[in-house]
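Only one structure is covered here, and it is reproduced in the block below.
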Amino acid sequence: MLASPLRALGTLGLLALVAGVAVLMVLPFYWMLVTALSPAADVMAFPPQWWPSRATLEHFQYALQKAPWLIYYWNSVVVAVVSVGCSLLFGLFAGYAFAVYRFPLQNILFLLILSTLMVPVQVTSVALYVLLSRIGWVDTYAGILAPNFASAFGVFLLRQAIRQVPLELIEAARIDGAGEVRIVLTLIAPLVRTMLATVAMILFLGSWNDFLWPVIVINSANLRTLPVGMALFKDPYGNINYGPLMAAAVISTGPMLIAYAVSQKFMIRGIATTGLKG
Amino acid sequence: MRSTRRLIARLHARRVWHAYLFVAPIVLLFGAFRVVPSVQTLVYSFYRVELLRGRLTFIGLENFADLLADPTFYRAAKNTLVYVLVIVPVSAALGLFFALLFDARFPLRELFKALYFAPMVTSTVAAAVVWWWLYNPQFGLFNVLLRLVGLPIQPWLMSSRTALLSIILFSIWKGLGYNMVIYLAGLQAIPESLLEAARIDGAGALQRFRRITLPLLAPTTAFLLIYNSIQAFQVFDQVFVLTSGGPAGSTNVVVLDLYRQAFERYNFGYAAAEATLLFLLILGVTALQYLYSRRNEVSY
């Protein structure tokens with residue numbers, strides 16, 4: 001508080017301000033939930049019905065009838081798990097190689113990987129789509145995953161973490177006869193598990209919420225991920241039905257918000273220390 | 001002696017082999033799906049690309065000439081620029097303000113921090129769908145609340161005058177927690193002893209903030225300005241959901257225009273030219289901000 005010119009506010013004023021803005025921050029989530037659980041008559045009421053006159057699941061039933069949410073879930077899970085799994089595995093080995101070995105072209109290859117951070121998928125999407133259409137990957141899981149099999153941030157962060165591991169430990173393992181692959185998997189991986197977990201969380205979040213690339217590369221309804229399904233559920237024929245729409249929003253954001261409620265300290269710290277938001 | 005050297009050489013050779021094996025997956029995947037498409041996008045921007053016929057025709061700078069003469073692109077570029085210019089400084093300023101508040105100790109601090117951060121972990125699409133409902137001019141909560149307190153209701157997303165601002169409000173809500181948390185980490189890295197010393201020397205709170213806290217936060221500020229600019233130039237999800245670029249093109253942005261040109265009208269060459277311009281813009285702004293922040297960096 002020494003740093004702050006806002007000290008004059010006093011604890012009570014501070015608390016009032018922070019709590020007031022917190023209400024604004026949470027209001028959209030609250031209203032999403034209330035609209036999803038209220039009978040249709042409440043939704044358009046004036047003055048607003050802050051608490052459902054009776055809780056009902058009819059909007060959820062309608063939403064579940066109209067779109068295959070379970071399939072969307074499954075697709076999101078498959079894409080996120082494969083993308084995070086591959087990124088961690090490739091990132092761990094590449095991070096180890098860049099941290100421990102000295103080899104020709106090392107710096108050039110490392111810079112090549114980092115340079116991809118400068119060119120977002122928004123910029124590469126045009127040529128990537130053309131490439132994938134040539135190899136028949138458009139409208140497949142592989143197509144959604146193509147730019148996400150590996151993560152440059154993952155390699156960078158894991159390399160930094162592995163650099164902290166004393167070389168003597170690795171030498172000792174080598175003298176004991178451990179092969180390099182085993183060293184990475186059984187010695188290095190447990191030592192950098194905090195960074196692995198952080199990278200996994202950030203990549204999972206990014207994959208789970210990704211929209212632009214999936215919406216470009218997917219045409220079939222049964223390959224849609226949750227955000228794509230959500231965006232296309234919004235306005236199929238121009239008729240607007242807010243209750244089911246909010247039920248769909250609850251279905252689509254619920255698991256992530258629950259995961260966040262359980263592990264918010266870990267998630268906030270991970271994002272704050274790496275500076276990345278998925 | 002010779003055999004030892006040979007042994008070392010053999011070990012080293014094996015490690016080199018390992019090294020290439022370990023970096024191969026990521027280098028090959030990135031080469032194929034990131035680096036090649038980046039270069040290819042640049043190349044395509046000089047071609048007419050007919051995907052279905054598999055035909056490429058070199059047309060020089062025609063795509064760029066068309067682009068610069070296109071009022072739709074001009075509008076999208078202007079909207080994107082306005083979006084960036086508003087959201088980048090406002091997000092940083094609000095992030096700093098709330099980080100200063102949260103730097104104090106008060107009851108339920110961690111809970112409030114988690115609530116501020118919650119929009120950050122929600123998918124932009126789902127959150128934007130919720131705001132689309134809040135912005136409904138007749139029954140949406142925002143206008144209902146305005147009516148409740150007797151203020152004039154707003155057209156929000158329905159008017160070309162307010163639509164872009166409404167999208168900006170959404171994005172500020174979405175990113176506030178992130179900006180705050182990053183600044184909070186920066187604040188907590190400032191040594192207490194510096195501020196204590198200044199206080200003993202009689203520096204007031206405002207003076208301590210301006211002379212010590214703010215300069216020491218410069219790297220954090222630089223990071224946020226660059227990172228937020230890059231993200232803001234690529235804004236897409238919330239525009240797609242909230243307005244699809246309307247009304248009358250008032251919220252069309254570069255990436256949305258690129259998306260439409262490429263994947264609705266199949267003008268791949270034209271879209272590639274847009275992507276190239278976007279990339280140059282991002283690169284330029286990043287370089288400028290980086291150089292500027294380097295010049296003004298302070299260390300104690």
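The values are calculated or read from the model by the stated rules, or taken from the named source; none is laboratory data. None of the values given here were measured: they were computed from a predicted structure. Glycine also receives a Cβ, built like all others from the backbone with ideal geometry; neighbour counts cover every protein chain displayed.
Laid out as a table, the results:
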| read-out | value |
| --- | --- |
| Some residue of segment B:263-277 being assigned to a helix (DSSP H, G or I), free of Cβ contacts under 8 Å to residues at least 12 places away in the same chain and either touching a helix residue (DSSP H, G or I) at 6+ places or on another chain (Cβ under 7 Å) or among the basic types (Lys, Arg) (or both) | yes |
| Candidates A:Val262, A:Val217, A:Val250, filtered to the one that is under 29 Å from B:Ala262 (Cβ atoms) and either without any contact (Cβ under 8 Å) to a residue 60 or more places away in the chain or touching a helix residue (DSSP H, G or I) at 6+ places or on another chain (Cβ under 6 Å) (or both) | A:Val217 |
| Identity of the residue in segment A:103-144, within 8 Å of chain B (Cβ to nearest Cβ) and not in a helix (DSSP H, G or I), that ends up farthest from B:Val43 (Cα to Cα) | A:Phe103 |
| Enumeration of residues in segment B:216-253 that are of a type in the set (A, V, I, L, M, F, W, C), surrounded by fewer than 21 Cβ atoms within 10 Å (Cβ to Cβ) and away from every other protein chain (no Cβ under 11 Å) | B:Ala218, B:Ala222, B:Leu225, B:Ala248 |
| Those residues of segment A:127-159 which are free of Cβ contacts under 8 Å to residues at least 24 places away in the same chain and basic (Lys, Arg), in sequence order | A:Arg134 |
| Checklist (1) more than 8 Å from every other protein chain (Cβ to nearest Cβ); (2) surrounded by 14 or more Cβ atoms within 10 Å (Cβ to Cβ); (3) assigned to a helix (DSSP H, G or I); (4) free of Cβ contacts under 8 Å to residues at least 60 places away in the same chain applied to A:Val18, failing item | (1) |
| Boolean, B:Val149 is more than 7 Å from every other protein chain (Cβ to nearest Cβ) and among the β-branched types (Val, Ile, Thr) | yes |
| Residue tally, condition farther than 25 Å from A:Leu128 by Cβ and surrounded by 24 or more Cβ atoms within 10 Å (Cβ to Cβ), over segment A:196-216 | 0 |
| Filter pass, B:Leu96 being buried (at least 20 other Cβ atoms within 10 Å of the Cβ), in a helix (DSSP H, G or I), at negative phi and not aromatic (Phe, Trp, Tyr) | yes |
| Candidates B:Phe73, B:Phe117, filtered to the one that is within 7 Å of chain A (Cβ to nearest Cβ) and either more than 20 Å from the chain's Cα centre (by Cα) or surrounded by fewer than 22 Cβ atoms within 10 Å (Cβ to Cβ) (or both) | B:Phe117 |
| Counted residues, segment A:220-274 - those being among the basic types (Lys, Arg), more than 17 Å from A:Leu33 (Cα to Cα) and surrounded by 17 or more Cβ atoms within 10 Å (Cβ to Cβ) | 1 |
| Exclusive hit being at pLDDT 90 or above and either of a type in the set (Gly, Ala, Ser) or in contact with a helix residue (DSSP H, G or I) (Cβ under 6 Å, 6 or more places away or on another chain) (or both), set A:Ser83, A:Ser53 | A:Ser83 |
| Near pairs, Cβ below 8 angstrom, 6+ apart or cross-chain, from segment B:143-168 (without any contact (Cβ under 8 Å) to a residue 12 or more places away in the chain and surrounded by 17 or more Cβ atoms within 10 Å (Cβ to Cβ)) to any residue that is outside any helix (DSSP H, G or I) and of a type in the set (A, V, I, L, M, F, W, C) | B:Val144/A:Phe46 |
| Residue within segment B:183-196 that is in a helix (DSSP H, G or I), surrounded by fewer than 19 Cβ atoms within 10 Å (Cβ to Cβ), of a type in the set (A, V, I, L, M) and at pLDDT below 90 present | yes |
| Selection count where residues are over 23 Å from A:Ser76 (Cα atoms) and surrounded by fewer than 21 Cβ atoms within 10 Å (Cβ to Cβ), scope segment A:136-158 | 1 |
| Residue satisfying condition, being facing chain A (nearest Cβ under 7 Å), over 23 Å from A:Asn209 (Cα atoms) and touching a residue at least 60 places away in the same chain (Cβ under 8 Å), within set B:Thr41, B:Thr124 | B:Thr41 |
| Verdict on B:Ser159 being more than 8 Å from chain A (Cβ to nearest Cβ), of a type in the set (S, T, N, Q) and more than 24 Å from B:Val84 (Cβ to Cβ) | no |
